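Contents: one structure, followed by commentary.
The values are calculated or read from the model by the stated rules, or taken from the named source; none is laboratory data. Since we're looking at a predicted model, the values are computed, not measured. Neighbour counts run over all protein chains shown; Cβ positions are idealised from the backbone, glycine included. To get the accessible areas, we keep the full protein, side chains included, count just its heavy atoms, and leave off ligands, DNA and RNA. Shrake-Rupley method; radii C 1.70, N 1.55, O 1.52, S 1.80 Å.
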Amino acid sequence: MADVHPEHAQLQADRIYLGWQYILLHPDPGPPPKRPSPGEEAAAQEPPDPAASELLRRERQLEDMLNRPVRHVRLFMLVLTVLILGAALSGYLAWPFALLGLVAAGGVAGICSYALLQGDRAVRYRVLEQQAKDERRRQERDKELFRAQEEHAQRYREWQESKERHDRQLTWYAVSVPDEIDRIDVAGGTLPGWSALVTLIGATRLYSGGHLTVLDLSEGAIAKDLIELARKGGDDPLVWVLPVDLPRLDLGATLKPEAFADVLAHVVSVSEEHRTTRDLSFDNAILERVLEVLGENATISQVTAALRALAQVGDPRDDLRFGLITATQLERIGTLFGRGVSDRVVIERAWALESQLRKLESLGTQAVRLPPARLRVVSMDRQAGVFGNRVLGTYVATALTHILRQSPASDRPWYHTIIVAGADKLRGDVLDRLMDACETSRTGLVLTYRSLTPTVRERLGRGHAAVAFMRLGNAEDARVASEHVGTEHRLELAQLTEAISDSLPGLDGGYTSTIAQVDDEHEDRDEHAPDLAGDITESTEWGRTADKISEKERVLQRSREFLVEPHQLQQLPTTSVIVTDATAEGRRVRLADANPAILTFPKTTLGELEEVREAVLALDPRAGDGDGEPPPNLGPPPPRLDWRKGRQ
């Protein structure tokens, strides 16, 4: 079972990583539950209810009012008893009558005293009864307070567990596609967004032991960070900046004449979008015959000299003097197509071919022996002409196609990966041939399109390909993309992605050619254990802001859902990628962030969401909620990968 913990996870060579998906499987539980109010505790210690005390006071007053006549009668009888006793002692009253009066008066006074005593007892009973009620209420309040405290303690323990799960959970899960697919089509996007995606794809392919070729037709130096990252990992990338490095570009030098003629015919067709397969065949036939005359290993300058002779342009003696063609070759060229009506057609096409191929005359004229490199970048200088760059881009793409067609199929898919940035600048048939050659040779292919032209729409997702959509500025392109993905999908967008997207600077500068300095001594590099996350932090613009991004990640843990609608696709953050691919279980639609610096976050995993859930359930069957968080003890981390060796 794969280890999915971010500190232990490692790249898998059979996957192509396109970004990370932000998912909070455990929502934030919020603030801790509130403790029982201190007023409740004080209520248990407070005196009896004032209303009850007032009731007792009123009862005492009522009892006093009712007993007042009885007290007066008793007092009168007591006074009468004293008077009778005094009269008897003084001799004014006979003792028999006095005794009778004393008994009568004393009896009445005793009866009154007993009645008063009973009244006091009744009042005391009611007082005691009220006090008992107060005590029972106090005890009930104590019980309720105790239950409230127990419930609070239970809720707090549950909150603490939820908070711990929330704080420990993974938040960024890898979004990848298997290497079983043949191609990745990326539609839309900005130059910074392409830079992030190319850096991520290229770094993970190199770090897993593969080789990478980048054909940058965007004129935006989108692979600049990738080059620095490769150097930090111990590689020496080769970078051609065309047309300056065209003399040192030997691509296509080993092609057979038939293949070389085909390449040149497609280069000429760049400016003639209306040309059909029949027209290409006609140009190809002319070039094949010319190359037969010139022999193998003919250069572009020799081809253009032969075409000038065929088109009867200029003075052929100049080409003879410079040694571009010989007198024998000049004589054979003059009789290649005979004379007659077709002569004018051949002359016109030869003239057109020569005018286009002149831009490639310096190709390979100063070729040098280059050291092996696992990263090769061929770029177009933004200072050069737009048409000239299209010619150069078409040549490189077509030459790569023929080299791939002549190469045996690789044992490992995507071991060699080709990224073409700005592929919408190539003709449709050039793209088709490149796709077929990559599929046959099991070479990975990533095509990025700035806009969804009719040519691109016909080929988007064709075959066994994954499709990725980035920000689409054009409303019509956004509509086409939303129909392709499906407007019923709800995707979750991280607030962090939006915040970082708003703060991204534009790309500046360009590539620096490494071909001119290929014989110079290499710089001494610090030897260190290869570490992809560490190299991203130190060597890329994305990684240099990792500390700030990490700080924002701790603060910005919110996300929002959105439907895949045209206006939403036009407002996607710079590094957001909507990835669609087909699996055995059906079609998947996922939203990823291609920012390479996310790999440096402590809560990022190279495992996919479904795999993490399965791993958790396998390790702990009780984790039935599939929370995507492995148990904390997963053993020691595996050894780091080596840029140069990788891991199969």
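Site pair Asp318 and Arg560 shows an inter-label distance of 6.5 nm when each label is modelled 7 Å from Cα along Cα→Cβ. A simple spin-label model places pseudo-atoms 7 Å from Cα toward Cβ; at Arg382 and Ile347 they are separated by 4.5 nm. Rolling a 1.4 Å probe over the protein heavy atoms of segment 58-198, with every protein chain left in place, gives an accessible area that is 61 percent carbon and sulfur.
Rounded to the nearest 0.05, the FRET efficiency derived from the C-beta distance between Met65 and Ala153 at R0 = 56 Å is 0.55.
Of the listed peptides 136-145, 598-607, what is their order by residue-averaged count of other C-beta atoms within 10 Å, with the highest listed first?
Details: 136-145: 13.3, 598-607: 22.2.
Per-residue mean Cβ counts within 10 Å order the peptides as 598-607, 136-145.
At the residue level, Val244 shows approximately 90 square angstrom of accessible surface with a 1.4 angstrom probe and all protein chains present.
Note that segment 487-503 has calculated 3J(HN,Hα) couplings of 6, 7, 7, 9, 10, 9, 10, 6, 4, 4, 4, 5, 5, 5, 4, 5, 9 Hz, one per residue in order, obtained from phi through the Karplus relation 6.51 cos²θ - 1.76 cosθ + 1.60 (θ = phi - 60°); glycine and proline are x.
I'd like the carbon and sulfur percentage of the solvent accessible area for segment 295-443, probe radius 1.4 Å, heavy atoms only, ligands and nucleic acids excluded.
Values: 3620 of 7150 Å².
Ligands and nucleic acids excluded, carbon and sulfur reach 51 percent.
Peptide packing for 316-327, 287-298 was compared via the average number of neighbouring C-beta atoms within 10 Å per residue; ordered from the highest value, the list is 287-298, 316-327.
Between Glu180 and Leu116, what is the spin-label point distance in nm, taking each point 7 Å from the Cα along the Cα→C-beta axis? Distance between label points: 10.7 nm. Both radii come from the Cα set of segment 91-159: Rg as radius of gyration, Rh as Kirkwood radius; their ratio Rg/Rh reads 1.68. Rolling a 1.4 Å probe over the protein heavy atoms leaves Arg332 with an accessible area of roughly 120 Å². For segment 81-136, the per residue solvent-accessible surface stands at 66 Å², with DNA, RNA and ligands left out and a 1.4 Å probe. Which FRET efficiency, nearest 0.05, do His72 and Arg124 yield, Cβ-Cβ r, R0 22 Å? E between His72 and Arg124, to the nearest 0.05, is 0.45.
Sorting the segments 465-472, 201-208 by their mean number of nearby beta carbons within 10 angstrom, highest to lowest, gives 201-208, 465-472.
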